[in-house]
Every structure is written in C-alpha cells, then in structure tokens.
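These notes concern the structure reproduced below.
The values are calculated or read from the model by the stated rules, or taken from the named source; none is laboratory data. Predicted model, so just to flag it, every value in this text is computed and none were measured. We place every Cβ from the backbone using ideal geometry, glycine too, and count neighbours over all the protein chains shown. The accessibility values were calculated without ligands, DNA or RNA, using every heavy atom of the protein model including side chains. Shrake-Rupley method; radii C 1.70, N 1.55, O 1.52, S 1.80 Å.
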Amino acid sequence: QVQLVESAGGLVQAGGSLRLSCVATGSTFSIATMGWYRQAPGKQRELVATISSGGNTNYADSVKGRFTISRDDAKNTVYLQMNSLKPEDTAVYYCKFTRYAGMTYWGKGTLVTVSS
C-alpha cells in the first residue's frame, strides 16, 4: 500500500504563487507516473499535470506556462509550483501516483483558494 499526503494549501491573492508537495510512504517501489488533479466546487475532477518516471510532463491547457510539476524520487515526492494564480484555480488539489502495474493511489486533497 501507498499513502499520499499533500502539503497544506491555503489562501492566495490572484497573481500570487504557491507550491504544493505530496509525499508517498509505504510500498513506494515501481511508481511510474505522478500527477496532480483538481476539483472545483460543482465540477468534475480534472487533470492538472503529470510527470513520468523519465521526466516527461503533461499539463492542462489552462495551467500551461503558469504551473510546473517536478518529482524527487529519492524523497518519493511530487511538487506543483503554481505561479500567476487566478481565481479559477480555486479547487481541492489531489496528488495521484500510478505504479507500472497500473495500481493508483490518491491523496486526500488540499484546498487552494485564490482571491480576486
């Protein structure tokens, strides 16, 4: 089993920055992809960004150029640097780890609120 714990989110003014982290504990071998998703009130959960074991990244169009995902495998941690935040970025952010075998694990989520 893998347990994922996200860092605290918070309240940020529009245009500000915030960095989220998610650390995995437990059986952390064979983690292929790490990613961040978000769910705004009344909306479905959506992909924000993913990063493969080889460092390939994928971003939602809405965050390209503003958010950066990175990973530190030695620390079993994935990061999400969020810059130029907008009120529409307000959501609960979840990290997700996927093993090569396909098993997925989710964090419990952390709330990011961007005020205008």
V78 being over 20 Å from W106 (Cβ atoms), among the β-branched types (V, I, T), part of a strand (DSSP E or B) and open to solvent by less than 60 Å² (accessible area, probe 1.4 Å): no
Checking A8 against (1) part of a loop (DSSP other than H, G, I, E, B); (2) open to solvent by less than 30 Å² (accessible area, probe 1.4 Å); (3) under 15 Å from T110 (Cβ atoms), the condition it does not meet: (2)
Boolean, K86 is among the basic types (K, R) and either farther than 15 Å from S17 by Cβ or within 10 Å of the chain's Cα centre (by Cα) (or both): no
Filter pass, I69 being at pLDDT 95 or above, within 15 Å of the chain's Cα centre (by Cα), of a type in the set (A, V, I, L, M, F, W, C) and under 24 Å from T113 (Cβ atoms): yes
Residue in region 76-91 that is modelled with pLDDT under 95 and within 27 Å of Q1 (Cα to Cα) present: yes
Members of region 29-40 found to be over 21 Å from D61 (Cβ atoms) and either open to solvent by 50 Å² or more (accessible area, probe 1.4 Å) or of a type in the set (D, E, K, R) (or both), listed by number: F29, S30
Among (1) exposed (fewer than 14 other Cβ atoms within 10 Å of the Cβ); (2) modelled with pLDDT of 95 or more, the one test that G26 misses: (2)
Any hit, region 12-21, residues being without any contact (Cβ under 8 Å) to a residue 60 or more places away in the chain, open to solvent by less than 50 Å² (accessible area, probe 1.4 Å), outside any strand (DSSP E or B) and on the phi < 0 side of the Ramachandran plot: no
Cβ-Cβ under 6 Å pairs, at least 6 apart or on other chains, region 41-52 side open to solvent by less than 30 Å² (accessible area, probe 1.4 Å), far side in a loop (DSSP other than H, G, I, E, B): V48/A60; V48/V63
Qualifying positions in region 22-75 - of a type in the set (K, R), within 17 Å of T90 (Cα to Cα) and not in a loop (DSSP other than H, G, I, E, B): R38
